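Undergrad: For reference, the structure I am asking about is given below.
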Amino acid sequence: MLTVDFSRFPLAPGDRVLDLGCGAGRHAFECYRRGARVVALDRNGEEIREVAKWFAAMKEAGEAPAGATATAMEGDALALPFPDASFDVVIISEVMEHIPDDKGVLAEMVRVLKPGGRIAVTVPRYGPEKVCWSLSDAYHEVEGGHIRIYRADELLAKMREAGLRPYGTHHAHALHSPYWWLKCAFGVDNDKALPVRAYHKLLVWDIMKKPLATRVAEQALNPLIGKSFVAYATKPHLPRLSENRRPENRRSGKTEAAAE
């Protein structure tokens, strides 16, 4: 189940991609299938080991085209172990709502992204998330849980402040909002409640079969109750200095003036 829409977020074979806070690796796997050179990074060592196993299985099964590479590694989103301008693409999906220093994470992503590179950020949408928080304290008051709810304009403002240029947004996973409302209403750890079990079966069926009826329904409902807010942005190229504004010309100008 992908949150990033790759028809709006183009990915070329050979692109170097960082999936930051990759979790179980869903976006990293898709980028690998599309021929990218992928680095999947997360602080959870257990999940990273599982992602590495899936990368190896995909390679063995021939799911990735020639030239694609995939690496899974542990790391800290606030201190990425990469040089400046290392990646063509950065994806951070459903991560920033967990991190106190979200501005620091954005700064690190911008640092490792090449000028002209693209970034996709997804977070829980304000309305559906607010319902979850209202129904259950246990949903968010847990170690490593959600510590904030983003409004769309707030997230976009932080992205601009970090030096990014947003170019598109949308909502995703409308069918998942009612599931989480049921989870919060019946207890986030109570998977035995009949409404929760029944809706979960519906979601699994939808993910596996992708029937036209539910695809159309979700597309129609996404603007209203989409669970995730998705924002796409680019990192602008540095402006070129004109010939008469270059530092060496300004220095030589001062020297000539002094000589006169």
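Undergrad: What's the number of the only condition in (1) surrounded by 16 or more Cβ atoms within 10 Å (Cβ to Cβ); (2) among the hydrophobic types (A, V, I, L, M, F, W, C); (3) modelled with pLDDT under 95 that ALA72 fails to meet?
TA: So ALA72 meets the others, but not (3).
Undergrad: Then there is this: So the check is Cβ under 9 Å with 6+ separation or different chains; which pairs have a first residue in the range 30-52 that's within 7 Å of ALA72 (Cα to Cα) and a second one that's outside any strand (DSSP E or B) and of a type in the set (Val, Ile, Thr)?
TA: Correct list of pairs: ALA40/ILE48; ALA40/VAL51; LEU41/ILE48.
Undergrad: How many residues does the range 76-93 contain that are outside any loop (DSSP other than H, G, I, E, B) and among the aromatic types (Phe, Trp, Tyr)? Break it down stepwise before answering.
TA: Initially, the range 76-93 is screened for residues outside any loop (DSSP other than H, G, I, E, B), giving 76, 79, 87-93.
Those left that are additionally among the aromatic types (Phe, Trp, Tyr): 87.
Of the residues in the range 76-93, 1 are outside any loop (DSSP other than H, G, I, E, B) and among the aromatic types (Phe, Trp, Tyr).
Undergrad: Does the range 133-153 hold any residues that are surrounded by fewer than 13 Cβ atoms within 10 Å (Cβ to Cβ) and assigned to a helix (DSSP H, G or I), and which are they?
TA: SER134, ASP153
Undergrad: Working carefully through the options VAL38, VAL4, VAL17, find the one that is crowded, with 18+ Cβ neighbours inside 10 Å, in contact with a strand residue (DSSP E or B) (Cβ under 7 Å, 6 or more places away or on another chain) and in a loop (DSSP other than H, G, I, E, B).
TA: Numbers: VAL38 fails: in a loop (DSSP other than H, G, I, E, B); VAL17 fails: in a loop (DSSP other than H, G, I, E, B).
Exactly one of VAL38, VAL4, VAL17 is crowded, with 18+ Cβ neighbours inside 10 Å, in contact with a strand residue (DSSP E or B) (Cβ under 7 Å, 6 or more places away or on another chain) and in a loop (DSSP other than H, G, I, E, B), namely VAL4.
Undergrad: Quickly run through the range 42-61 and pick out the residues that are in contact with an Asp or Glu (Cβ under 7 Å, 6 or more places away or on another chain) and in a helix (DSSP H, G or I).
TA: Passing the criteria: GLY45, ILE48.
Undergrad: When you go through GLY75, GLY117, GLY145 one by one, which is the residue that is small (Gly, Ala, Ser) and over 23 Å from ASN44 (Cα atoms)? Please lay out each step first, then the result.
TA: Values: GLY75 fails: over 23 Å from ASN44 (Cα atoms); GLY145 fails: over 23 Å from ASN44 (Cα atoms).
Being small (Gly, Ala, Ser) and over 23 Å from ASN44 (Cα atoms) holds for just one of GLY75, GLY117, GLY145, which is GLY117.
Undergrad: Show the residue pairs that are 6+ apart or on different chains and have beta-carbon atoms under 7 Å apart, the first residue being within the range 155-173 and more than 19 Å from ASP5 (Cβ to Cβ), the second being open to solvent by less than 50 Å² (accessible area, probe 1.4 Å) and part of a loop (DSSP other than H, G, I, E, B).
TA: GLY163/LYS235
Undergrad: Checking the structure you have, find out if any residue of the range 62-75 is of a type outside the set (Val, Ile, Thr), within 20 Å of the chain's Cα centre (by Cα), in a strand (DSSP E or B) and more than 24 Å from GLY104 (Cβ to Cβ).
TA: Checked against the condition, which is being of a type outside the set (Val, Ile, Thr), within 20 Å of the chain's Cα centre (by Cα), in a strand (DSSP E or B) and more than 24 Å from GLY104 (Cβ to Cβ), the range 62-75 yields at least one hit.
Undergrad: Here's a follow-up. Condition first: in a helix (DSSP H, G or I) and open to solvent by 90 Å² or more (accessible area, probe 1.4 Å). Now tell me which residues in the range 193-231 satisfy that. Talk me through it step by step, then tell me what you get.
TA: Applying the first criterion (in a helix (DSSP H, G or I)) to the range 193-231 yields 194-209, 212-225.
Answer for the range 193-231, where residues must be in a helix (DSSP H, G or I) and open to solvent by 90 Å² or more (accessible area, probe 1.4 Å): LEU194, ARG197, LYS201, TRP205, MET208, LYS209, LEU212, GLN219, LEU224.
Undergrad: Let me ask something else about it. Which condition number in (1) of a type outside the set (Lys, Arg); (2) surrounded by 14 or more Cβ atoms within 10 Å (Cβ to Cβ); (3) farther than 26 Å from GLY116 by Cβ is the one that ALA56 fails?
TA: Going through (1) of a type outside the set (Lys, Arg); (2) surrounded by 14 or more Cβ atoms within 10 Å (Cβ to Cβ); (3) farther than 26 Å from GLY116 by Cβ one by one, ALA56 breaks only (2).
Undergrad: Can you tell me how many residues in the range 78-105 are among the aliphatic types (A, V, I, L, M), closer than 25 Å to PRO13 by Cα and surrounded by 20 or more Cβ atoms within 10 Å (Cβ to Cβ)? Give the derivation first.
TA: Taking the range 78-105 as the starting set, the residues that turn out to be among the aliphatic types (A, V, I, L, M) are 78-80, 85, 89-92, 95-96, 99, 105.
From what is left, the residues that are closer than 25 Å to PRO13 by Cα are 80, 85, 89-92.
From what's left, surrounded by 20 or more Cβ atoms within 10 Å (Cβ to Cβ): 80, 89-92.
Of the residues in the range 78-105, 5 are among the aliphatic types (A, V, I, L, M), closer than 25 Å to PRO13 by Cα and surrounded by 20 or more Cβ atoms within 10 Å (Cβ to Cβ).
Undergrad: Does the range 227-245 include one or more residues that are more than 23 Å from ASP101 (Cα to Cα), modelled with pLDDT of 95 or more, of a type in the set (A, V, I, L, M) and in contact with a Leu (Cβ under 8 Å, 6 or more places away or on another chain)?
TA: no
Undergrad: In addition: Look through the range 163-192, keep the residues that are among the aliphatic types (A, V, I, L, M) and farther than 17 Å from ALA217 by Cβ, and return whichever of them is surrounded by the most Cβ atoms within 10 Å (Cβ to Cβ). Spell out the reasoning first.
TA: Step one: list which residues in the range 163-192 are among the aliphatic types (A, V, I, L, M), which gives 164, 172, 174-175, 182, 185, 188.
Filter again for farther than 17 Å from ALA217 by Cβ, leaving 164, 182, 185, 188.
Working: LEU164: 24, LEU182: 20, ALA185: 16, VAL188: 19.
Step by step, filter the range 163-192, then rank; the result is LEU164.
The values are calculated or read from the model by the stated rules, or taken from the named source; none is laboratory data. Only a predicted model underlies this, so the values are computations on that prediction, with no experimental measurement involved. Glycine gets a Cβ as well: all are built from the backbone with ideal geometry, and neighbour counts include every protein chain shown. Accessible surface areas use protein heavy atoms only, side chains included; no ligands, DNA or RNA. Shrake-Rupley method; radii C 1.70, N 1.55, O 1.52, S 1.80 Å.
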